[in-house]
Amino acid sequence: MQASEIREDDCGKGPGDAARPVGYRRSAGSARGEVRRRELLDRVVDDLAVNGLVDFSLRRAARAARTTHKVLLYYFDSVDDLLTQAIHQLRERRVESGLAAAAGPDRRTLADRVRAVWLALTGERSRVLDQAIGLMMYDPQRYGELGRGASREYLPGLLSILPPDWSDRRKVEVAAWFTFFMSRKMIRFASGDTECAAWHYPGTNGACVIMAGGFAVTKEPGTDRFASRFHDAGFSVLAFDYRRIGDSGGRPRQVLSIRDQLADWEAAIARAATLPGVDPAHLAIWGFSVSGGHILRVAARNPRLAAAIAQTPNVDGPATTRNAARYQKPFALLRLTGRGVLDALGGLVGRPPLLVPLAGAPGTVAVVTTPDGREGAEALNPGNRYPQWRQAVAARSVLPLGFYRPGRAARRVRCPLLVVVCDDDRSAPPAPAIRAARRAPHGKVVRIPGGHYAPFLASHERVVDTELVFLRKHLLGADHGAVPSRPPRGHPVSGRRSSPA
């Protein structure tokens, strides 16, 4: 929907209205006038709930309210004032219906109440509110009021359904997560012979961050924590699943290819450039682990990108394999290789894939057996928050990783590049990543203590703040990056020809 579809050219100003400034309400302060205003507003809201915002105008609102446009201007400042109040009331109805659903006699557990609220908040009525978000993105200065205060309207109701014995902090955190999930929309885009699924978080500043999880990590455990912070800062976010995992299409499932994943990145960038409210000149990419290595190759192929962030990237397959062998028993390593070969041969004749776990203890057949690699479930999926994430991959997909060296593309990366490395990383050795960043013309390294998943654990705040400073500077301008929301506590080490964060 285009903002131009909401028209003001028929606001109904007659010859005698020219001297009356917009915003004059002769009904203000009158109890009788307030009752009449609420009656008219209810009728306009009923019309919006059925017909949406497309082609909304003061004349259409007058027809719905069974009055004239001049009468509406008697009770409301302008068409924008009427629209804003109608959207807020529609949102209030949405909250009330959700709470009513949660209060049913069969809603005994928190899970039951959350399911009931979710169905009420994401039903057909949400279509109009989605259109309102589109207006905010199209013209945030004019329609920004449609979004301001939305969280304040939702939070009290959501807090009321949480267990009374929870601490206030826990209640606020859970309710905030709930409103965060409501702010995103599932979209799909073509990639190769199938489709990739992505969460789209509409932003307000015109810039977009394109994100993906690790090699076999789906978008929710892989990006939610960082995507929420980027979105809170005003950025649009497109967080996608690679083909054959998560919500994306493609078969056989859990069979991953480096070439296919790079193609998925290209398709995601092309889709992000077409999102409403996004300036194609203000796109950034973000990935970690194996996807962090992809970032270097993708950035090298797309010189028009405004910025790139590679977090704990695997940039040198042979070096990573040699290091990983120190934490694996020789016989188990041979079994992993043999299963990979057998799976590859079976794939040629249409056999289903042989899966191996993403992480395991030394001596087990798993992709990663390093000490910090085994922290992946705790870091990405605490409390089994994402039970749908299948933490396994086809054995045939593991073999090419040992030969993958995306760090070689670093000197061809023309956009500003931020590389976050962990000094104690045993799964993605920091030294090759530091060297790659120093070869990039505009590369910068930020070093933090901890293992491979430290950016999701103890160092999360300092990493996300540093990344936000980087994104604000290179996507929005130098002034935006000058003051972080919290002072970053990392230890930046600028690489050769590096630019400041």
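No lab work stands behind these numbers, since they all come straight from the coordinates. Please read all numbers here as calculations on a predicted model, not as lab measurements. Note: ideal-geometry Cβ built from the backbone for every residue, glycine included; neighbour counts use all protein chains shown.
How far is the Cα center of segment 221-268 from the Cα center of segment 309-373, in Å? Using only Cα atoms, the two centres lie 22 Å from each other. Quantify how much of the Cα-Cα distance distribution of segment 397-440 extends past 12 Å, in percent. Taking all Cα-Cα pairs of segment 397-440, the fraction more than 12 Å apart is 64 percent.
The residues neighbouring Pro318, those whose beta-carbon lies less than 15 Å from its own, together hold a net charge of +4 under the Lys/Arg +1, Asp/Glu -1 convention. 3J(HN,Hα) along segment 426-433: 9, 9, 9, x, x, 4, x, 5 Hz, from the Karplus curve 6.51 cos²θ - 1.76 cosθ + 1.60 with θ = phi - 60°, whole Hz, x for Gly and Pro.
Compute the Cα gyration tensor for segment 329-386, then decide on rounded, prolate or oblate, letting a ≥ b ≥ c be the square roots of its eigenvalues: rounded whenever a/c is under 1.5, prolate when a/b is larger than b/c in the other cases, and oblate in all that remain. Because a/c hits 1.5 or more and a/b fails to exceed b/c, segment 329-386 counts as oblate.
Per residue, the convex hull around the alpha carbon atoms of segment 368-423 comes to 162 Å³. For the peptides 318-325, 266-273, the ranking by packing is 266-273, 318-325, with the highest mean count of neighbouring Cβ atoms within 10 Å listed first. Other residues whose C-beta falls under 13 angstrom from the C-beta of Arg339 contribute a net charge of +2, scoring Lys and Arg +1 and Asp and Glu -1.
Rg and Dmax, both from the Cα atoms of segment 230-323 and both in Å, are 14.2, 46. Step through the table entries Lys185/Lys473; Lys219/Lys444; Lys70/Lys185, compare each Cα-Cα distance with 30 Å, and write down the pairs that go over it. Beyond 30 Å between Cα atoms: Lys70/Lys185.
Under the rule a/c < 1.5 gives rounded, and otherwise a/b versus b/c splits prolate from oblate, where does segment 26-73 land using the Cα gyration tensor? Prolate, because a/c is 1.5 or more and a/b exceeds b/c.
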